[in-house]
Amino acid sequence: MKGTYLGEFEEVVLLTVAMLEESGYGISVKQEVEKRTNRTINLSAIHATLYRLEKKGFLSSKLGEATKVRGGKRKRIFFITPYGVKNLKEAKSLREGIWNAIPSYVLQQ
């Protein structure tokens, strides 16, 4: 499991990239994560996480087309890989299993 562990922030970023489909690049991921978590996130933290997830094999990326708005620069667009989907499903299953094991009276406090 070394190298494939999915931390909480990584999981949120990975879920966000999956949700954004063809629009998953640094700024769009940052904005969506901030909106959904109600937290301010540093763009460099997003980029570091995106590249780390790509190194782990959970994401792949490609350069988009150059645009005038970006001064001719190209965006790096990220996509979830089948391996990333597999790991998200495993994380979801693990969490659901733990939630289901909690006695109902504990959560009624």
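Under the condition of being loosely packed, with under 13 Cβ neighbours inside 10 Å and of a type in the set (Gly, Ala, Ser), which residue from the range 78-109 is farthest from Ser23 (Cα to Cα)?
So the residue we want is Ser104.
Tally the residues that are surrounded by 12 or more Cβ atoms within 10 Å (Cβ to Cβ) and either in contact with a strand residue (DSSP E or B) (Cβ under 9 Å, 6 or more places away or on another chain) or modelled with pLDDT under 95 (or both), restricting the search to the range 16-26.
Adding up the residues that qualify gives 7.
How many residues does the range 52-77 hold that are farther than 12 Å from Tyr25 by Cβ, over 11 Å from the mean Cα position of the chain (by Cα) and surrounded by 11 or more Cβ atoms within 10 Å (Cβ to Cβ)?
Residues that pass the stated criteria total 4.
Considering the range 69-109 alone, what residues qualify as being assigned to a loop (DSSP other than H, G, I, E, B), within 20 Å of Leu50 (Cβ to Cβ) and of a type outside the set (D, E, K, R)?
Residue satisfying the conditions is Thr81 alone.
Mind checking which residues of the range 5-31 are of a type in the set (A, V, I, L, M) and part of a helix (DSSP H, G or I)? Step through it out loud before you land on a result.
Filtering the range 5-31 for residues of a type in the set (A, V, I, L, M) gives 6, 12-15, 17-20, 27, 29.
The answer is Val12, Val13, Leu14, Leu15, Val17, Ala18, Met19, Leu20, Ile27, Val29.
The values are calculated or read from the model by the stated rules, or taken from the named source; none is laboratory data. Every value quoted in this text rests on a predicted model; they were computed, and no experiment measured them. All Cβ positions, even for glycine, are placed from backbone atoms using ideal geometry, and neighbour counts span all protein chains on display.
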